[in-house]
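In what follows, a single structure is set out as structure tokens and then discussed.
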Amino acid sequence: MKTKKSFYIVLSLLLINCSLERDIAYIEKVQDPEFFQNAMQNLTDIIVYDIFSPPVASRVYLYPTIAAYEVMALKYPIKYNSLVGQIKELNPIAVSSDKNINYHLASLYAFNTVGKALIFSEDKMNLFLEAFKSDLVKLNVPRKVMRASEKYGAEVADSILEWASKDMYNQTRTYPKYTIKEEDRFWKPTPPDYMDGIEPHWKEIRTMILDSSNQFSPKDPLPIDMKEGSPFQKELMEVFEVTNQLSEEQINIAKFWDCNPYVTHHRGHAMFATKKITPGGHWIGITAIASRQSKSTFDETINAFTNVSIALFDGFIGCWDEKWETLVVRPETLINQFYDEEWLPL
């Protein structure tokens, strides 16, 4: 009888232990960096679909990534420093006493919530979130953990979005468009679509690290000089002539790195468009590859994307300051005017 009783006690303890192991098995699984990689890829896909311009796309990458990073910095205070005090005007996120919060899940919720607020196609983000929640159910994540993590992620998102709302983006939506200047040396819209200049006031956007939009200015561009043999004319002719010497592989490479988010194609009277990844999107993709190849953990992956996103954001502000300060004419404009009116870039 005593032996039988001992058997049931041992069996009960084993069952309890197995149940506990099953209940906490999700903790390791939700730390899979592919959860964040997939969230970032989804954001990139939506950016392409919504046709955000390169500088605006950098903003869409920035704020969700910082939201996720700040949650991880709170989770791993020895490993990471908060960005508060390192980037401009960022306030500390709230600290919660809720023991049910899983900070890896909270960082994902914060990322997706901020991302949803910055895009147009909210339905696509909603579909992604539904699939994400289904995955968590399959991993046996307790409902109370999902609810607590989502709630905290939303609180972090609200804080980041409040900060983002003060970066001058909304104000610059009301500023006037670029007025075309007639002199040959200035940029002008090009055929066949004659699209407006992109974000002529982007230098007004609040930087993260740079002290100003023109902290790092390149040398002045070459003066316009169409005299044969001048430095400017030589560079112009290089652009003109190289298109006739490209191999098929070089053409494919050039088209891959052509980061125009919306390209229209004209075939007679027919017109169709191609949506492409932005320059920043390419660097986000490179970061994804590097993180996977280095077998980065969940938090290390977020850290890498955060550093790249900040660099892209400030980089675009600096580049756009120079772009609209110099207003250098496109080679296409001068080639059409002086050499071949039917010439087109790739």
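Go through the stretch 146-201 residue by residue and tally those that are in contact (Cβ under 8 Å) with a residue 40 or more places away in the chain, in a loop (DSSP other than H, G, I, E, B) and farther than 30 Å from residue 328 by Cα.
Final tally of qualifying residues: 1.
State whether the residues of the stretch 146-163 include one that is surrounded by 11 or more Cβ atoms within 10 Å (Cβ to Cβ), closer than 19 Å to residue 55 by Cβ and not aliphatic (A, V, I, L, M).
Looking for residues that are surrounded by 11 or more Cβ atoms within 10 Å (Cβ to Cβ), closer than 19 Å to residue 55 by Cβ and not aliphatic (A, V, I, L, M), one finds at least one in the stretch 146-163, hence yes.
When you go through (1) farther than 14 Å from residue 154 by Cβ; (2) in contact with a helix residue (DSSP H, G or I) (Cβ under 9 Å, 6 or more places away or on another chain) one by one for residue 134, which number turns out not to apply?
Tallying (1) farther than 14 Å from residue 154 by Cβ; (2) in contact with a helix residue (DSSP H, G or I) (Cβ under 9 Å, 6 or more places away or on another chain), residue 134 fails exactly one: (2).
Looking at the stretch 281-294, I want the residues that are not assigned by TED's automatic domain parsing to the domain that holds residue 49 and at pLDDT 95 or above and have a partner that is aliphatic (A, V, I, L, M) and not in a helix (DSSP H, G or I) with Cβ atoms under 9 Å, at least 6 apart or on another chain. Which pairs are those?
If the second residue must be aliphatic (A, V, I, L, M) and not in a helix (DSSP H, G or I), the pairs left are 284/277; 285/277.
Quick check, is residue 335 within 30 Å of residue 205 (Cβ to Cβ) and in a helix (DSSP H, G or I)?
Judged against the criteria, residue 335 is not a match.
Condition check ((1) surrounded by 22 or more Cβ atoms within 10 Å (Cβ to Cβ); (2) over 12 Å from the mean Cα position of the chain (by Cα); (3) not in a loop (DSSP other than H, G, I, E, B)) across all residues:
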| position | (1), (2), (3) |
| --- | --- |
| 42 | no, no, yes |
| 48 | no, no, yes |
| 52 | yes, no, no |
| 67 | yes, yes, yes |
| 79 | no, yes, no |
| 90 | no, yes, no |
| 105 | yes, yes, yes |
| 108 | yes, yes, yes |
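Write out, first by first residue and then by second, each pair whose Cβ atoms fall under 7 Å of each other, whose residues are 6+ apart or on separate chains, and whose first residue, in the stretch 86-106, is within 30 Å of residue 211 (Cα to Cα) while the second is at pLDDT 95 or above and among the acidic types (Asp, Glu).
93/70; 94/155
Of the residues 342, 322, 300, 332, which is of a type in the set (Asp, Glu) and without any contact (Cβ under 8 Å) to a residue 24 or more places away in the chain?
Being of a type in the set (Asp, Glu) and without any contact (Cβ under 8 Å) to a residue 24 or more places away in the chain holds for just one of 342, 322, 300, 332, which is 342.
The values are calculated or read from the model by the stated rules, or taken from the named source; none is laboratory data. Here the structure is a predicted model, which is why all the values come from computation and not from measurement. FYI the Cβ positions are ideal-geometry reconstructions off the backbone, even for glycines, and counts take in every protein chain you see.
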